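Visitor: I have a structure I would like to understand better, so I am pasting it below and will then ask my questions one at a time.
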Amino acid sequence: MPSASAGMPVALGERRAGAFVRHVLAIAQVELAKVRRDPTELFTRSIQPALWLLVFGQVFQRTRAIPTGSVTYLEFMAPGVLAQSVLFTAIFYGIAIIWERDLGIVHKLLVSPASRASLVFGKALAAGIRALSQAIIIVALTLALGVRVRHDPLSLAGMGLVVVLGGALFSTFSFVIACLVKTRERFMGIGQVLTMPLFFASNAIYPLSLMPPWLRAVSEYNPLTYLVGALRTLMIQGGESSVGLGVDLLVLGGVFLLLVGIGARLYETIVR
């Protein structure tokens, strides 16, 4: 009898975990179906990072004004441009939540058996997978420009996972903002205000050593800094993170889970 009662919590936990995974995958599948209906968005969002590489990166590589160690400036910058693309794509993901609220979709999701956390996690997973298409385009462009990109399967798989994690993190951040502001006009204004400070207060286009002390302190609390560091380690031959790949992944994963928890608590407030 004691053994049977002891096994009940384990079985219940397994059922809950299985239901959570099924709900996450179902929400992610629905979100990705939207992309299949309009794939042009993925390519139009690649124009800006392509300009950064083709214009900004080529010019500053010739000037040799920014010390980048054993890698060229274009190689140093390529992971930063990829991280920028992930950020810019994911940061406006929250606008879809406001549209869903206006169309009555959020009400239907809230009365479904899926937990709030699985709803937020599923949308974040879909946003992260969407970011992979950006990564493929940017990596192909960097190869055409002669950047020494790592080709081994482990590095490529790691880079893909980091891109998905970064897209999921910033889309969840966007989700939280949307739940707080509740209107499209406010959301677009805040989204535009946040993107450039996040980008320039990171190590995407210049090393942390060139920053003034106050900006370096800000960059330490910027998740984009750790996303760039992880991508630089995994993507570029000779590239390395200032704090180590393990710390980068730990920070990104921790911030993502924290945002999922906040988003799950705020989800219901968007309909009020």
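Visitor: Got a sec? Which of 154, 143 is closer than 26 Å to residue 69 by Cβ, surrounded by fewer than 15 Cβ atoms within 10 Å (Cβ to Cβ), in contact with a strand residue (DSSP E or B) (Cβ under 9 Å, 6 or more places away or on another chain) and not charged (D, E, K, R)?
Guide: One residue alone meets the criteria, 143.
Visitor: I'd like the residue in segment 47-104 that is assigned to a loop (DSSP other than H, G, I, E, B) and under 15 Å from the mean Cα position of the chain (by Cα) and, out of all such residues, is nearest to residue 242 (Cα to Cα).
Guide: Residue satisfying both the conditions and the ranking: 91.
Visitor: Shifting gears a bit: Name the pairs whose Cβ atoms lie under 7 Å apart, with the first residue in segment 83-109 and among the charged types (D, E, K, R), the second assigned to a loop (DSSP other than H, G, I, E, B), and 6 or more positions between them or separate chains?
Guide: none
Visitor: Against the condition in a helix (DSSP H, G or I) and either polar (S, T, N, Q) or free of Cβ contacts under 8 Å to residues at least 40 places away in the same chain (or both), how does residue 135 come out, does it pass?
Guide: no
Visitor: So, one more: At least 1 residues that are in contact (Cβ under 8 Å) with a residue 60 or more places away in the chain, among the hydrophobic types (A, V, I, L, M, F, W, C) and in contact with a Cys (Cβ under 9 Å, 6 or more places away or on another chain) in each: list the helices (runs of 4 or more DSSP H) lying fully within segment 178-272 that qualify.
Guide: Once the helices (runs of 4 or more DSSP H) in segment 178-272 are filtered for at least 1 residues that are in contact (Cβ under 8 Å) with a residue 60 or more places away in the chain, among the hydrophobic types (A, V, I, L, M, F, W, C) and in contact with a Cys (Cβ under 9 Å, 6 or more places away or on another chain), what remains is 245-266.
Per-residue answers, yes or no, for (1) closer than 23 Å to residue 268 by Cα; (2) at pLDDT 80 or above:
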site: 16; (1), (2): yes, no
site: 47; (1), (2): no, no
site: 66; (1), (2): no, yes
site: 109; (1), (2): yes, yes
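Visitor: Now for a different question. Identify, from the list 159, 235, 211, the residue that is within 26 Å of residue 50 (Cβ to Cβ), aliphatic (A, V, I, L, M) and more than 13 Å from the chain's Cα centre (by Cα).
Guide: 235
Visitor: Moving to a separate point now. Here is a list of conditions, (1) buried (at least 23 other Cβ atoms within 10 Å of the Cβ); (2) touching a Gly at 6+ places or on another chain (Cβ under 7 Å); (3) polar (S, T, N, Q), and residue 225 meets all of them except one; can you say which number that is?
Guide: For residue 225, the failing item is (2).
Visitor: If you check 236, 262, which single one turns out to be under 23 Å from residue 74 (Cβ atoms) and either of a type in the set (Phe, Trp, Tyr) or surrounded by 14 or more Cβ atoms within 10 Å (Cβ to Cβ) (or both)?
Guide: So the residue among 236, 262 that is under 23 Å from residue 74 (Cβ atoms) and either of a type in the set (Phe, Trp, Tyr) or surrounded by 14 or more Cβ atoms within 10 Å (Cβ to Cβ) (or both) is 236.
Visitor: Based on what the data block shows, is residue 147 of a type in the set (Val, Ile, Thr), touching a Ser or Thr at 6+ places or on another chain (Cβ under 9 Å) and within 23 Å of residue 52 (Cβ to Cβ)?
Guide: yes
The values are calculated or read from the model by the stated rules, or taken from the named source; none is laboratory data. If you're wondering where the values come from, they're calculated on a predicted model, not measured in any experiment. Please note: Cβ atoms are built from the backbone with ideal geometry, for glycine as well, and neighbour counts cover all protein chains shown.
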